[in-house]
Structure formats: C-alpha cells, structure tokens
Amino acid sequence: MPRTLSHWLPLVLLTLAAFWWRSRDLASRPMHADEANQAVKAGELLESGRYAYDPHDHHGPVLYYAAVPIAWIRGQRTLAGLDEVTVRLVPALAGAASVFLLGLLAAPLGRWPSLAAAAFLAASPPAVYYSRYFVQETLLATFTLAAFVCARQWWSSGRARWAAAAGACAGLMQAAKESAPLFALAGIAALLAIRGRSDGPAPRRPVRDALIAAGAALAVAALFYSSLGAHPSGLRDALGAYGPLAARLGAGDTGHEKPWWYFLRLFAWQRNGGVVFEQAAFSALALAGVATALATRAPLLRWAAAYSLLVLLALSSIAYKTPWHAIHLVPGFSILAAGAIAAMSRGAASRIAAAALTIGVLGLLVFQADRVTRVYGSDARNPYAYVHSSPDVLKFRGLADAALSRSPGGLVRVISEEYWPLPWYLRGMDNVGYWTRPPADCDAALVIASAGLADEVHSRLHGTYDRSYLGLRPGFVCIVFTPRR
Amino acid sequence: MLRILAILLTLGSLGAAQAEDLVPLKLELPKPLFVGTPRPIKVSNLEPETAASAGPLMVPAGTTLLSLNKSVTSSDTSPVIGELTCVTDGDKSGDEGSYVELGPGVQWVQIDLGGPARIAAIAVWHFHAQARVYHAVVVQASNDPQFKTGVTTLFNNDDTNADGLGKGADYAYVETYKGRVIDAKGVTARYVRLYSDGNTSDELNHYTEVEVYGKPVN
C-alpha cells in the first residue's frame, strides 16, 4: 500500500464513520424549539433569497447559508419542501469535518495517538449529539479547529496563504456565532502561555501575515453579516450585538443560569431519573494527559491543556450556560487523552495496554453517545436534550391537516405564550395564526392553546369543541380544541 | 315456579347490596412533589371542575386495599427503569426508584388480585414529579388473564383509539400527587389491566402505584 494511502486512509475512514453516525436517521428526533426557529429562517432564505441578521434572538448567518446548497442538492426549493434531514446535514457534515481536522491538529502526537484523538471526538456524546442538531455550535467548533490547523500550518511553513486561510476560518467562526472571539483568544492565550517551550515561528514577515489574516477574517465575516452584500446594515448590527448581549447575560435572569461546576458534571457522572450519563473514563484519561503535559515538553499537549483550562474557566465563570457549549471542550480533552495514551505506549507490552485502554474508553463513549442520541434523544433526563420538545409535537401537523380537510378554508389558531417548534411543523400552511394572548374571537377549525391560556380561550369559543391534550415539551401541555361534528 | 323463585332471590340479593352502608374511600396520599422550576401550566382547566372536584368516591363499608404487593405483569417484560413490583409496593412518593418505566408506545400493566373480588375503586399514579398528561389511558377488569373474555372497561380516555380497544369518552387529566380514582362500580374480577400510550413529555409509560380497592369474593 502506498505510504500516503496508508497514512491517510485510517483518518478518512474514521471521518466517514463519524459522518455515517452523525447523519443516520436524522429526522427521528423531534425538532427543538431553537432548531425549528432557525430552520424556518433557513427555509425563508431558501425560498426568497432574503436574509437579514437579527442581533437580538439569533446568532450568525452562516448556518442558514450552509443549509441552502444542501437543500438544492436534495431538490428542495421552498420552506414547505425543506425537511429535518436537510437542515441537520449541516452540523452533521461540520461534525464529521471536525473529526478530520482534529486528526490533523493532533498529528504531532504521532500517527496512532492522533487517530485516537480524532476517534475520541468522533465518539464523544456531546459532539455526536450536537452534530445532529441544527444550531450554530458545531459549526463554530469546526471552524475553530480549522483556524487552529491553518494557523499551525502557517506557524510551521511561514506561507502567507496559510495565514489567509486561518483568517478566513476565523471569519467563518465569527459568522457562525458571536462568541467566536472567546475561542480565538483562548487559542492565542494558550499559545502565549507555552511560549519558550515550542519552536519559534517560521514566518519571516509575521506582521504582514497577521494583516492578511485579519483582512481575510473581516472580509468573510462581513460577507455573511451583510447578507452577501444585500443587507449592509447587518454589519452595524453585528458590531452592536455585544452590548445588549452583555446586558442580558449580566442581568442574570435568562433562565439559563447554572452553577460553576455545570460543565465539570457533564464530563463526569450524573444519574437522572434512574439513567446514568457519564464520560468519567474519558475525562480521567484527559486529566492524565494534563499530567503528561506538565511532565513533558510536548508543545501540543501543553497548548491543549492551557486552551482547555482557559475555555473551561471562561464557560464556567459565566452564569449563562447551555449544554451545547460543552462541545468546545471536547477537542482539547481529546488531544490530552490521546497524549496520555501516547505516553503510555513506550514498550511493546504497554502499547497493548494502551490500545486496550483506548478501545475501552472508546467503547464507553460509543455506548453513551448512542444513549444520548438514539435511546434518550429527546428525553428530559438526557443532559444534552435541553428544554427539548416532546415527541407529541409530531402529532400537531396531522391534527391541523385533518381539521382543514373537514373545514376547507378554515383557520388554525395557535394561542400560547410559547409555541415553537410548531411553526416548523405547520410550515407551508397558509391559514395558521399565532397569538401570545387570546384574540377576541378564538373560534377556528382547530385551536391549539397552552394550558395557561386555555380557560380564557375556552370562554371565547362559541361552538362546541372536543378537547385533547398534547405536549409541547416536558411540563408544557397544550389543549387542542376541535369543533364537535 | 322455579323461574319465579330465581327472580325473587335475585331481587333479594340486589336489595341487600343496595342496603350496604357506603363510606368515603380514604386514600393515603404522598406529599406533593415539586421538582425543579415550576413550569407554566395550570392544572385545573384540563377537565371540567365538576369532574375534577366531585369529592371522595363512596365505596361499600368494609372495602379494603386488595392490590398491595400483589403480582404484576406487563407488556414490557424488561423495564429499563424500576421493577414491576413498584406498581403495588405501596410507595407513592414519586421519587426515583418508586416507579417503573415501560417502553414507548402502547403498554399495559396487569395486577393479579389472587382471586375474584368485588372491586369498588382503582387509584392510579402514573408519574407526578412533573405536570404531564398520559395518553390513551384505559382501565379494564376481567377474570380472564388474557383479557379476551368477560372484559369490563372501567375508564377510557383514548379518544383516537390508539390502544385499539375502542374510543373512550372519559377526560384526560394532568398527573398530580393525588393520583386518579376510578369508580369500578363493584365489578367482580380477579385481574385489572391498565393501558397507556406515552404522555405529553415523552413516549414512555410510567406507573408509580396502582391501588385496587374492594372485597374478596369467597
């Protein structure tokens, strides 16, 4: 076998396996409210070609633009034609790419340890879960890895084109989510923290290259935030997004405030409602990697330890926490765990032990990842299924279709303080209205009301209605009023 | 002559049943369990007040709890969470370990009372750590363990016939620590079977406790 093929084949096969796992049965889990919200925006972009960055309730534009070519390839041209598989293929592709990129980033560890690092990421429960989840986080994590890989290539080769590529990836990071600077700064700070212990940079003109990188980053970010030039004020909105965001987080009343140890617990062990979710063995191996980093002069391990610590400190110090932020810790932890494996594999016997340990830890990760993605995909006990929609949301469309076939030209009223992901499931229906307060006239072919508003809605119904009950998410019940025939 | 005698005996036994003293059924209720931040849900509007607050069910004097620690079988023979014994172990706390979780879709549990009994009431607690409504709840009683003959349906809120047992007109309800008390109207049966088809939070089926009240038939 040619050397190039034998070198790359395992990583390519691992990437393909990661993509298979991330893309299989993508429509099985109900859409989370955030996914639905963004899928509708992607559908509107697909249908009308229009997009305008909204700095208040949405993140960067690249997620929506990334869905469009996939929709075209799958023959979808409208919001009504768009489906879950199309939009979730975006993070699935990005998640698979991140596995390949981590294999490249971890290359200094050696052939098999770098492959082990990529495998840990491929099997990581949060990484797998959020690679099947139409939000920005996996894109951000992947572009971050791409930026690091390109930056290191520039560092070792001194070629300006790698600086431009790193800058472009940084621009994509920013176009994915506003929190991008946190990870870019953590990467640079970690590099500064280990300076003197790594080889000096090869670039002869670092200032010029830095300017090239900055220019590429600005150009790419501006391209997306301005809606490819069609909405220039998106640039102003992008710059102004940080003030309100800081105020909102500072107020501490978002409902997503959690204790400082939240992410540590995600990577340790927890038992929710009788079901255990854990990554303890993987985390222990990563801790062993930190010890290895301290004991050796391996720059990559030291950088991964410093980067992971900085990101962990930053994420833990902010009261606002959601579980998808955890995926930013996985690449660093994976490099550290692989570093520990590499340190173990000094003799023939210890290589066997290291291989057995790697397989054992991977087995546990695979078991847990399958548990969180397939078995408990939308279960409230799953720490990654955060405020997730109930499987009941899949039933609303059938009820609406049946109601309108009984009453052609009728109206479907959704009257609820919260109603996502229903607009996704009722997409393509013209005669659906959404109210957060009951209107004066509530009569319709189908009325979907939250339990909190059901009394008021019922008092404004003039006909005789049957009622049934469907869940929007755990603890949030909707009452469905259907005119009695 | 024999036919007249039989009619007189039947009327006599009916009169004796009607003359039996009725007393309020007393349930031992678990303490309210509120887990996490309260969710935006109002319980009282899910069914008419008249049905929800009709007062205690009146049952014949001498009615006792028949189901405690009786054997339980299920359509899900290997529950992942909890044991089938949770259904009749007397623990209604709703805490982890007090309930059994059956798989997704239509599932049932069946209680064997050990012998025929005149059943006055059945109380069921599915899961009350969170406000949720169980779909397609059907409660039946029979002397046939296969529930093929002599089946009496005591409660049915399956408005879409998801269970395949026919549509029912009873109200759906939100789970609370009070459970749900079903009037069994003195049906004589050895087995009680309860169906459900997931709930408004997930597709799974849970039983914290089922209590069957009545009098053994000698």
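With 50 Å² as the minimum drop in accessible area between chain alone and full protein complex (1.4 Å probe), the qualifying residues in the range A:459-485 are A:467, A:469, A:474, A:475, A:477. Ellipsoid semi-axes for the range A:161-267, based on the Cα gyration tensor and the rule √(5λ), read 29, 25, 10 Å when sorted largest first. Suppose all protein chains stay in the model; what accessible area per residue would a 1.4 Å probe give for the range B:162-218, in Å²? Per residue, the range B:162-218 has an accessible area of 38 Å². In this structure residue A:47 has an accessible area near 110 Å², from a 1.4 Å probe over the protein heavy atoms. Overall, the accessible surface of the range A:147-222 at a probe of 1.4 angstrom is composed of carbon and sulfur to the extent of 67 percent. Indicate the gyration tensor shape class of the range A:211-314 (rounded, prolate or oblate), computed on the Cα atoms with a ≥ b ≥ c the square roots of the eigenvalues: a/c under 1.5 is rounded; otherwise a/b larger than b/c is prolate and the rest oblate. Cα axes put the range A:211-314 in the oblate bin.
Legend: residues A:41, A:177, sorted from most to least accessible area (1.4 Å probe; ligands, DNA and RNA excluded), read A:41, A:177. On a 0 to 90° scale, report how tilted helix A:62-73 is relative to the longest principal axis of chain A, with both axes built from alpha carbons and the result rounded to the nearest 10. Orientation of helix A:62-73: about 80 degrees from the principal axis. Ordering A:395, A:321 by accessible surface, largest first, gives A:395, A:321; the 1.4 Å probe counts only protein heavy atoms, with every chain in place. From the square roots a ≥ b ≥ c of the eigenvalues of the alpha-carbon gyration tensor of chain A, which class results: rounded (a/c under 1.5), prolate (a/b over b/c), or oblate? In terms of gyration-tensor shape, prolate. The accessible area of residue B:93, taken with all protein chains in place and a 1.4 Å probe, comes to roughly 30 Å².
What dipole magnitude, in Debye to the nearest 20, does the range A:442-485 give about its Cα centre under +1 on Lys/Arg Cβ and -1 on Asp/Glu Cβ? List each step's numbers first, then the result.
Details: 5 positive and 4 negative charges, 29 e Å.
With Lys and Arg at +1 and Asp and Glu at -1, about 140 debye.
What angle, in degrees between 0 and 90 and rounded to the nearest 10, separates the Cα long axis of helix A:242-251 from the longest principal axis of the Cα atoms of chain A? The two axes meet at around 80 degrees.
Which whole-number percent is the relative contact order of chain A (Cα, under 8 Å, 6+ apart)?
Working: 808 pairs, mean separation 77.9, N = 485.
Result for chain A is 16 percent.
Once the Cα atoms are used to define both axes, helix A:33-48 deviates from the longest principal axis of chain A by about 80 degrees. Here is the interface size for A with B: some 2100 Å² of accessible area buried, both sides summed, with a 1.4 Å probe.
Comparing each chain alone with all protein chains together (probe 1.4 Å, DNA, RNA and ligands left out), the residues of the range B:190-215 losing at least 40 Å² of accessible area are B:200, B:201.
Treating the beta-carbon of each Lys and Arg as +1 and of each Asp and Glu as -1, no other charges, what is the dipole magnitude of the range A:121-254 about its Cα centre, to the nearest 20 debye? Intermediate values should be presented prior to the final figure.
Values: 12 positive and 6 negative charges, 109 e Å.
Result for the range A:121-254 is approximately 520 debye, rounded to the nearest 20.
Counting Lys +1, Arg +1, Asp -1, Glu -1, what net charge surrounds residue A:123 among other residues with beta carbon under 15 Å of its beta carbon? Working shown, then result.
Details: positive: A:22, A:24, A:132, A:371, A:374; negative: A:278, A:370.
Taking every Cβ under 15 Å from that of residue A:123, the sum is +3.
Figure note: A:77, A:406, A:297, A:204 ranked by solvent-accessible area, largest first, 1.4 Å probe, ligands and nucleic acids not counted: A:204, A:297, A:77, A:406. Calculated over the range A:107-191, the projected area of the Cα convex hull averaged across directions stands at 6.1 nm².
Amide H contacts of residue B:71 (H built 1.01 Å from N, in plane; Pro and chain starts excluded): B:112 sit under 5 Å, all sequence-distant by 5 or more or on other chains.
For the range A:305-372, what is one quarter of the convex hull surface built on the Cα atoms, given in nm²? Write out the running numbers ahead of the final one.
Values: hull surface 21.2 nm².
It is 5.3 nm².
Placing +1 on the Cβ of every Lys and Arg and -1 on the Cβ of every Asp and Glu, with nothing else charged, gives the range B:61-194 a dipole about its Cα centre of roughly 500 debye.
Per residue, how much accessible surface does chain A expose to a 1.4 Å probe? Answer in Å², no decimals. Mind dumping the intermediate values first?
Numbers: 20160 Å² over 485 residues.
Per residue, chain A has an accessible area of 42 Å².
Can you give the extra length, in nm with one decimal, that the chain gains between residue A:484 and residue A:462 once fully stretched, where that is 0.36 nm per residue apart less the Cα-Cα distance? Write out the running numbers ahead of the final one.
Numbers: separation 22, 0.36 × 22 = 7.92 nm, distance 1.16 nm.
So the extension gain works out to 6.8 nm.
Projected onto the charge dipole of the range B:150-218 (+1 at Lys/Arg Cβ, -1 at Asp/Glu Cβ, origin at the Cα centre), which of B:217, B:172, B:205 gives the Cα projection farthest towards the positive end? Going by the charge dipole, the pick is B:217.
Pull out a ≥ b ≥ c, the square roots of the eigenvalues of the alpha-carbon gyration tensor of the range A:27-87, then state rounded if a/c is under 1.5, prolate if not and a/b is larger than b/c, and oblate in the remaining case. Taking the square roots of the gyration eigenvalues as a ≥ b ≥ c, the range A:27-87 is oblate. Once ligands and nucleic acids are excluded and a 1.4 Å probe is used, how much of residue A:100 is accessible, expressed in Å² to the nearest 10? Rounded to the nearest 10, the figure is 60 Å².
The values are calculated or read from the model by the stated rules, or taken from the named source; none is laboratory data. Since this is a predicted model, take the numbers as computed values, not measurements. Cβ: placed from backbone, ideal geometry, glycine included. Neighbour counts: every protein chain shown. Areas reflect the complete protein model, heavy atoms only, side chains present, ligands, DNA and RNA absent. Shrake-Rupley method; radii C 1.70, N 1.55, O 1.52, S 1.80 Å.
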